[in-house]
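The values are calculated or read from the model by the stated rules, or taken from the named source; none is laboratory data. Everything numeric here is computed off the predicted structure, so don't read it as measured data. Glycine gets a Cβ as well: all are built from the backbone with ideal geometry, and neighbour counts include every protein chain shown. The accessibility values were calculated without ligands, DNA or RNA, using every heavy atom of the protein model including side chains. Shrake-Rupley method; radii C 1.70, N 1.55, O 1.52, S 1.80 Å.
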Amino acid sequence: MSKSIRVYSPASVSNVTCGFDVLGFAIEKPGDIILAEQGGKPGVRIKEIVGSDSIPLNPLENVASVAAQALVNHIDPKIGIDLTIYKNIKPGSGIGSSASSAVAATFAANQLLGTPIKNTFDLIPFAMQGEQIASGAFHADNVAPALLGGFIIVRSNDPLDVVQLGAPPDLYTVVIHPDVQIKTSESRKLLPGQVPLKSLVTQTGNLAGLVAGLLQHDYSLIGRSMHDVIIEPVRASTIPGFVELKSAALHAGALGAGISGSGPSVFALCKGEISAHKVHDEMKIAYESFNIKFDSYISPINKKGTIQIID
Ligand code: HSE
């Protein structure tokens, strides 16, 4: 068993417009870092959280410790691990903040214990147990891309069936993160229990087109498919300036744009870095009139997922 392991796990964009709860991809930055160290007593504890004072230190309430504890329980409950969390993704940002911490903790704990779980895929259920306490639902559309990188499809949460799609080489994303917090658990309560058959057909066609576009590196098909007729119409009003941000992205040449996860972050997909910079600049200009602080990111699709940091 190593004495300590440091791990980086990236932010991610889930739903990707028409793929509610089933599609997601990882971005290069930001990402959370977790240091896992051998603990003296059984159980997973949070030693320190750097970068956020709104995240619980109580190991029963923290997504990272809950996820790592799930792994420890599976391997040997007598094991003790201390976690230090370097929180770079703001909680409630809609870019997979809780998933990043849960995945980093699970991955770090597995490395610290000498990789008893050999296949990285098999870490997903442990990380999902952590993610569940933040979102109130059991879904892998942020956890899986944060762990594995690239685009992923969650064909089924139970039993878990995750499919890796990789990513087209010239695909970039732009993310604008307004400094307001939206809790996924609250945002999910707004969603309809039933959808009209016509909407389902439109959404299914778009999702099939988007997946085909990603696999065939057909950027035009990706763009034509990025429409969400079920979730976005309900959630758009919860994000100040969503309509203006999306419109700015499309006018600047983005392939498509939408809500990242449950928001408030808004993302766009772009073909090539030059286009991504143009879209980024136009989205920033559009948002400056809203008097809301925001962060912005331009990133290729992260294809590596979670990695150990070798000091
Ligand atoms: N698919 C989830 C949702 C992701 O939209 O509620 C939350 O980040």
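Got a number for carbon plus sulfur as a percent of region 171-300's accessible area, 1.4 Å probe? Spell out each step's value before the answer.
Details: 3450 of 6100 Å².
Reported share for carbon and sulfur atoms: 57 percent.
What length, rounded to one decimal in nm, is gained on full extension from R155 through to L190, with 0.36 nm per residue of separation minus their alpha-carbon distance?
Values: separation 35, 0.36 × 35 = 12.60 nm, distance 2.37 nm.
Full extension from R155 to L190 adds 10.2 nm.
Kirkwood Rh, region 171-300, all Cα pairs: how many Å?
15.2
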If you put +1 on each Lys and Arg Cβ and -1 on each Asp and Glu Cβ, how big is the dipole of region 171-300 around its Cα centre, in Debye rounded to 20? 360
Name the shape class, rounded, prolate or oblate, that the alpha-carbon gyration tensor gives for the chain, where a ≥ b ≥ c are the square roots of its eigenvalues, rounded holds for a/c under 1.5, and otherwise prolate holds if a/b is larger than b/c and oblate otherwise. prolate
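Go through 161-169, 2-10, 258-266, 95-103 and give me the packing order, highest mean Cβ count within 10 Å leading. Mind dumping the intermediate values first?
Numbers: 161-169: 15.4, 2-10: 20.3, 258-266: 27.6, 95-103: 33.0.
Highest to lowest by the protection proxy: 95-103, 258-266, 2-10, 161-169.
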Separation of region 160-220 and region 32-52 by C-alpha centroid, Å? 33
K118/S289 FRET efficiency (R0 51 Å; Cβ-Cβ; nearest 0.05): 0.45
Share of Cα-Cα pairs in region 102-250 beyond 26 Å, whole percent, is 38
Spelling out what I want: for every residue of region 186-192, take phi, set θ = phi - 60°, compute 6.51 cos²θ - 1.76 cosθ + 1.60 (Karplus), and round to whole Hz; glycine and proline get x. 5, 5, 6, 5, 6, 6, x
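Accessible area per residue, 1.4 Å probe, Å², for the chain: what's the number?
Working: 12990 Å² over 311 residues.
Ligands and nucleic acids excluded, the figure is 42 Å² per residue.
Can you tell me the relative contact order of the chain? Whole percent, Cα pairs under 8 Å, sequence separation 6 or more.
24
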Cα gyration tensor shape for region 28-166, rounded if a/c is under 1.5, else prolate or oblate: oblate
What is region 28-69 by shape, rounded, prolate or oblate, if you read a ≥ b ≥ c off the alpha carbon gyration tensor as root eigenvalues and call it rounded for a/c under 1.5, prolate for a/b larger than b/c, and oblate otherwise? prolate
If amide H atoms are modeled at 1.01 Å from N in the peptide plane, then the residues at a separation of 5 or more from I46, or on another chain, having amide H under 5 Å from its own are L83
Furthest towards positive pole of dipole, I85, T184, L160, structure part the chain, Cβ charges: L160
Diffing region 170-178: the Karplus 3J(HN,Hα) column from phi (6.51, -1.76, 1.60, θ = phi - 60°), in whole Hz with x for Gly and Pro, holds 9, 7, 10, 10, 10, 10, 10, 10, x
So between K198 and I310, what do we pick up on full extension, going 0.36 nm a residue minus the alpha carbon distance? 35.2 nm
Counting only DSSP loop positions in region 53-141, the trypsin sites (Lys or Arg not before Pro) whose Cβ has at most 11 other Cβ atoms within 10 Å are K78, K118
Quick one: which residues, 5 or more positions from G166 or on another chain, have an amide H under 5 Å from its amide H? H modelled 1.01 Å from N in the peptide plane, none for Pro or chain starts. F151
